[in-house]
Each structure stands twice: as structure tokens, then as C-alpha cells.
1. Could you list, in sequence order, the residues of the stretch 20-48 that are within 13 Å of ligand 1 (Cβ to nearest atom), among the small types (Gly, Ala, Ser) and touching a helix residue (DSSP H, G or I) at 6+ places or on another chain (Cβ under 9 Å)?
2. Anything in the stretch 53-83 that is within 16 Å of ligand 2 (Cβ to nearest atom), surrounded by 13 or more Cβ atoms within 10 Å (Cβ to Cβ) and among the charged types (D, E, K, R)? List them, or say none.
3. In the stretch 31-48, which residues are of a type in the set (Val, Ile, Thr), more than 9 Å from ligand 2 (Cβ to nearest atom) and over 13 Å from LEU21 (Cα atoms)?
4. So, CYS47, is that one out of contact with any His (no Cβ under 6 Å at 6 or more places or on another chain), assigned to a helix (DSSP H, G or I) and not charged (D, E, K, R) or not?
5. Inside the stretch 164-190, can you point out the residues that are among the charged types (D, E, K, R) and either touching a Pro at 6+ places or on another chain (Cβ under 9 Å) or within 17 Å of GLU235 (Cβ to Cβ) (or both)?
6. Restricting attention to the stretch 21-30, which residues are within 11 Å of ligand 2 (Cβ to nearest atom) and assigned to a loop (DSSP other than H, G, I, E, B)?
7. List pairs: first in the stretch 5-26 and within 28 Å of PRO344 (Cα to Cα), second surrounded by fewer than 20 Cβ atoms within 10 Å (Cβ to Cβ) and hydroxyl-bearing (Ser, Thr, Tyr), Cβ under 9 Å, 6+ apart or cross-chain?
8. What single numbered condition from (1) under 25 Å from PHE139 (Cβ atoms); (2) in contact with a strand residue (DSSP E or B) (Cβ under 7 Å, 6 or more places away or on another chain); (3) surrounded by fewer than 16 Cβ atoms within 10 Å (Cβ to Cβ) fails to hold for VAL102?
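Every number here is computed from the coordinates shown, using simple stated rules; none is lab data. Computed from a predicted structure; not experimentally measured. Quick reminder, even Gly has a Cβ in these numbers, built from the backbone with ideal geometry, and neighbours come from all protein chains shown.
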Amino acid sequence: MRVVSVSARNFRSYEAAAAPLGGGLTIVWGSNGAGKTNLLEAVYFGCTGRSCRTTNDRELLRFGGEAGRVVVRCEDDFGAHELGVGFSPGEAKRMSVDGASVERLLDSPHRPLVSVFLPDRLELIKGVPALRRAHLDQFVTALWPSRLANRRAYAQALAQRNALIGRVRSGAGSRSSLAAWDVRLAQAGMQVMADRREAVSLIEPAFEDVAERLGLDGEPTIAYRPRSRATSVAELAEELSERLEGDVERGFTEHGPHRDDIVISRCGRSLRTYGSQGQQRLGILSLLLAERSVLAAHRPSVPLMLLDDVMSELDHDRRAALVGLLTEGGGQALITTTDLDHVPGAFSSGVARLAVAGGAVVEDVGAGSVAR
Ligand SMILES: Nc1ncnc2c1ncn2[C@@H]1O[C@H](COP(=O)(O)OP(=O)(O)OP(=O)(O)O)[C@@H](O)[C@H]1O
Ligand SMILES: [Mg+2]
């Protein structure tokens with residue numbers, strides 16, 4: 001699935017904008033505040049129905065605007081599709097695929113997969129494990145959509161066990177009724193752990209390869225760190241029941257896959273604790289690119305990479321390596337930059353360039369033209 005164009009009305013600084021995307025690399029360039037990140041965000045919003053910058057959709061509406069809309073057109077070998085997201089204050093978002101309204105764009109088979117890097121994504125390495133778990137789980141769903149059910153089953157069993165713990169604490173429930181929940185939670189938990197382990201084992205070799213090419217030295221590795229060492233449902237259920245008293249004291253289930261983590265390291269030390277800013281950035285880029293190559297091998301289409309302001313922090317060789325990785329394998333990528341000179345190969349054929357200024361796309365080169 002290839003994104004052909006995006007159009008946005010009353011979205012952030014754009015009153016009305018339309019931009020074609022290239023089949024390979026598209027560079028969005030312009031000065032600070034020109035609207036580069038806004039355009040990248042519009043592409044993400046049109047593909048997923050969510051912003052990659054905020055959970056508050058009100059921020060997306062252009063100052064003074066009444067209603068906004070983003071439309072993304074995409075195509076694959078079987079045909080063309082149009083994804084639309086309309087939004088206005090105080091109303092539910094209206095999402096559509098080919099004109100028919102849908103509850104969630106994310107469930108549509110016609111939406112392109114997207115992978116995004118924003119400067120604040122360093123949190124994925126620096127922040128709490130919950131962020132890494134959520135990221136890994138999203139990848140599991142992108143790779144095997146039906147396995148979302150495993151995670152939902154686990155979340156449901158966990159919520160029920162926690163509710164029961166709450167009742168035991170208040171004297172309304174009995175400890176004996178928890179045993180059955182331990183087994184259900186353990187069944188769902190073993191499945192979630194198996195999915196995560198399998199996903200990380202697929203990412204691992206690609207990660208090491210990409211990280212080396214991006215110049216992240218020190219034998220970088222990525223590893224799944226499950227909280228539990230259980231190898232069977234019975235063992236996990238046993239671990240849960242052993243911790244029951246502590247859980248009742250605390251008021252929630254302390255042990256299990258909802259405490260898992262993934263660790264990215266170099267020289268055997270975690271990047272979270274010891275990595276430099278640049279190494280952490282390369283670690284995330286390597287993870288995203290490794291995920292892309294796994295998805296390319298297992299899914300019908302390669303995810304569109306959206307990389308915001310990534311070049312300014314990289315040295316020349318690493319910029320060239322990144323462009324090389326982005327343009328191989330037939331994937332699509334959009335990167336923003338203040339300076340075209342920061343993108344090696346910016347003027348090569350096959351690279352599309354969109355110049356933005358003052359909240360408008362002022363020039364496009366190399367991606368074909370669309371009606372404005
Ligand atoms: N809801 C909104 N309505 C109107 N303008 C907005 C809205 N939200 C943000 N803006 C403005 O859009 C402008 C462009 O923002 P954007 O983040 O796209 O800039 P940028 O080109 O990525 O700049 P930089 O190089 O500094 O990252 C900013 O001036 C910002 O204040
Ligand atoms: Mg920006």
C-alpha cells in the first residue's frame with residue numbers, strides 16, 4: 001500500500017493544502033515554523049485517525065477554523081483507496097474509507113501501516129517500560145493482527161483479578177475465588193509473552209544489521225525482558241498465587257507480563273542508562289527500521305516511515321546510511337528538514353521534495369502533481 005497524496009483543511013497551520021508523496025523518499029523542507037511537522041502529522045492522522053503529537057484533537061484544528069478534515073489517498077496493486085478523517089470541536093471524529101464511515105481506521109485493511117519518529121520519541125528508550133511494552137504490542141498487532149485478541153484477553157483477565165483483589169481487601173471477596181483467575185490470567189499471559197518473544201526474536205537480527213549500518217557501535221543488541229521466568233501456564237499461575245498476599249496488601253497484581261520490558265544495549269550496557277543522546281536516537285531508528293524490514297518480509301506492504309527532524313542531529317556518514325536504508329526495499333518514507341543539504345541524495349531522481357512555508361505547500365518536485 002503506497003500513500004499517493006495527502007490533503008488537509010483547517011489542520012494546524014494549513015487552511016487548505018494538498019501534497020503528493022513520492023513512491024520512495026519524500027523530503028518536506030522549510031524554515032523553522034514553516035509547517036513541516038504539521039504536514040507529517042497530517043499524513044499520520046489521515047492514515048490512523050490519531051495524532052502522533054497529541055491526544056487532544058482540539059489542538060489540531062486551525063486557529064479560528066470550525067471544522068477540519070484530512071484525506072489520504074493510497075493505492076496498491078489491486079486499486080486505489082481514500083481515507084478521510086473529519087473533526088470539529090465537541091463532536092466525535094468522522095472516519096471513512098472510500099466514503100463509507102468506519103469506527104476505526106486502524107481496523108481497515110486498506111490503510112497503510114505507518115511508523116513515526118518524532119524528536120520526543122527518545123522517550124521510547126529513556127522513558128518507563130510501559131512505553132516500550134506498548135510499542136512492542138503495537139508491532140505484534142501490525143505483524144499478526146489476529147493476536148490483538150491475546151492482549152485483550154490478558155487485559156481483561158488482569159482487570160478482573162484486580163477487581164477481585166479489591167473485593168478481598170475490603171472483606172467482600174474470598175481468596176479462594178482468586179485461584180481460578182490466576183489460571184485464566186496465566187493462560188492469557190503465557191500467550192502474550194510468547195507473542196512478544198517471537199516478535200523480538202524476529203526483530204533481533206534485523207536490528208543488529210541496521211544498527212551496524214547506522215554506525216551504532218559497541219555490538220548493539222535488543223532483548224525481551226519478561227518479568228516472569230515461567231515456562232508453562234502452571235508455573236505462571238503458581239508465581240501469581242505465591243504473590244497473592246502482597247497483591248492484596250498493594251491492591252493490585254504486581255507480577256506478570258504487564259511488567260515486561262525490552263532492553264536495547266551496546267557494550268552490554270543499556271542505552272536507557274548509559275547511551276548518549278545520539279546513540280539513543282540511533283537505537284530507536286534501528287528499532288523502527290528493523291521493524292519495517294520484518295513487516296516487509298511478513299506482510300503484504302512495507303510501512304510508511306515518517307521521520308521528523310532526524311537529520312540535524314546526525315553526522316554526515318550516518319545521514320547517508322539512513323537515506324540508504326530508507327530508500328532500499330521499495331518502502332516509502334517522508335522526512336522533514338530545515339535544510340536540503342542535510343539529506344544526502346536530496347536531488348537524486350526518485351526523491352520527491354515538498355517545500356513548505358507560511359502554512360502552505362509552496363512547491364513540489366519529483367512526486368508528480370495533484371490538483372490543488
Ligand atoms: N492549531 C493550530 N492552528 C494554527 N497554527 C498552528 C496550530 N498548531 C500549531 N500551529 C503553528 O504551526 C506552525 C508550524 O508548526 P510546525 O511544527 O509544523 O513547524 P515546523 O516547520 O516543523 O518547524 P521546526 O523546524 O521548528 O520544527 C507553528 O507556528 C505553530 O505555532
Ligand atoms: Mg518541526
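1. GLY30, ALA42
2. Of everything in the stretch 53-83, just one residue is within 16 Å of ligand 2 (Cβ to nearest atom), surrounded by 13 or more Cβ atoms within 10 Å (Cβ to Cβ) and among the charged types (D, E, K, R), namely ARG53.
3. Listed by number, the list holds a single entry, THR48.
4. yes
5. Hits for the stretch 164-190 are ASP182, ARG184.
6. Matches in the stretch 21-30: GLY30 only.
7. PRO20/SER369; GLY24/THR327; LEU25/THR327; LEU25/SER348
8. (3)
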